[in-house]
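Student: Encoded as C-alpha cells, here's the structure I'll be asking about.
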Amino acid sequence: MIGLWQTLTKREQEVAALASQGMTNPQIADALHISDETVKKHISSVLRKFQIKGRGVLKWMLEGWNFDNPRAPWKV
C-alpha cells in the first residue's frame with residue numbers, strides 16, 4: 001500500500017485523504033481552494049492508479065491510514 005500511495009502526487013494524496021474521510025467533492029474543493037472539476041480529475045486519477053472502481057473502496061483501503069506519518073502508515 002505504501003508503494004501505491006507514493007505513486008500519487010502530493011495533491012492527489014490530499015484529495016484521497018479527504019475523500020476517504022467522507023468529504024464530498026465540493027467540500028474537498030473548498031478545503032483545498034481548488035475547483036470541483038479539479039477534485040473530480042484527482043479522484044479519477046487516484047482510482048485509476050489504485051485500480052479500484054469507487055470512493056467506497058478508496059475509503060475502505062485507507063481506513064486507519066495515518067496521513068500524518070506515511071512512514072508508519074497505519075494507526076494503532
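Student: Neighbouring Cβ atoms within 10 Å as the yardstick, rank 55, 48 fewest first.
Tutor: Sorted ascending by nearby Cβ count, the order is 48, 55.
Student: Full-extension gain between residue 44 and residue 32, please, as 0.36 nm times their residue separation minus the C-alpha to C-alpha distance.
Tutor: Full extension of this stretch gives 2.6 nm more.
Here, each number is a calculation from the coordinates, and none is a lab measurement. Source: prediction; values computed, not measured. Don't worry about glycine lacking a Cβ; one is built from the backbone with ideal geometry, like all the others, and counts go over all protein chains shown.
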